[in-house]
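First comes the structure, then the notes that go with it.
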Amino acid sequence: MLELQNICYQINDESRDKEILRNINLKIDEHLIVITGPNGGGKSTLAKMIAGIIKPLSGKIILDGEDITELSVTQKAKKGISFAFQQPVRFKGLTVIDMIRLAAGKDITIPEACSYLSEVGLCAKDYINREINASLSGGEAKRIEIAMVLARGTKFSIFDEPEAGIDLWSFQNLIQVFENMYKKIKGQVLIISHQERILNIADRIIVLADGQVIDEGNREKVMPRLIKSDIACPTLLEKMKQEV
């Protein structure tokens, strides 16, 4: 279980302090959790904070009873937290098989690596020896990064807008990937997303706006309120209307 206690974060913007997160208190123990809300509401900041990329100004992050607030991203990774960026990082000179083996932490076979690529809708033989560089499209890089998270099999996996740059067929396949993740790795999956199809597979939805949790609960309770409420800003509703 992941617990966030009184998490606060701010940045200095044009010579003034700007609050990004304000007193976030959450206990997350469901299998698949989706955080949604308007752009600029603090969603990606919170995800990066859980992963250790940034640290809170105050508050605590507790994973399975252990305070991991001050741990680095590498230390948190060793504790079992994976993070997939909204814009995947490129690694010139490293191939897909190299990265999947690094993610898995062992010298897995090519057929095993290919199985992860197939799960995210990539033809394995076309990608297994490709370099992780600018020759890959955004969607290709995103799917390879998701395959790496699958290979890691961590107990807490975070995906920041995984649908970004993904074509329709791959997006439909992506939904199935998330639905199957818990069965395979027995871990929790936290997704940052505006997509209604992803919201509809969540065990729990958390709505974040202006750095605060404004709604949370199971999808049956939150989705109707999210769609009808004035608090669910036009940006979010617009994206939901434009669902692929």
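Some observations on this one:
- Of 106/221; 184/221; 60/183; 48/183; 18/183, pairs whose Cα-Cα distance is over 32 Å: 106/221; 18/183
- Under 5 Å, built H, 5+ apart or other chain: amide partners of residue 130: 96, 97
- Based on alpha-carbon atoms, the Kirkwood radius and the radius of gyration of the range 2-241 give Rg/Rh equal to 0.97.
- The region of the chain that goes longest without hitting one of the trypsin sites (Lys or Arg not before Pro) in a DSSP loop, each with at most 12 other Cβ atoms within 10 Å, is 1-105.
- Length gained when the stretch residue 62-residue 227 is fully extended (0.36 nm per residue, less Cα-Cα span): 56.2 nm
- Mean-square fluctuations from a GNM of the chain, with a 10 angstrom spring cutoff on Cα atoms, peak among 69, 109, 154 at 109.
- In this structure, residue 107 and residue 218 have a Cβ-Cβ separation that, at R0 = 51 Å, corresponds to a calculated FRET efficiency of about 0.80.
- Placing unit charges on the Cβ atoms only, positive for Lys and Arg and negative for Asp and Glu, gives the range 2-241 a dipole magnitude near 340 debye about its Cα centre.
- DSSP bridge analysis restricted to the chain gives an antiparallel fraction near 60%, rounded to the nearest 5.
- Selection from 226, 69, 117 lying farthest towards where the dipole of the range 2-241 points positive, charges on Cβ: 117
Every read-out reported here was derived from the displayed coordinates using simple, explicitly stated rules and does not represent laboratory data. Worth saying up front: this structure is predicted, and the values here are computed from it rather than measured. With ideal geometry, Cβ positions are generated from the backbone for all residues, glycine too; neighbour counts draw on all protein chains shown.
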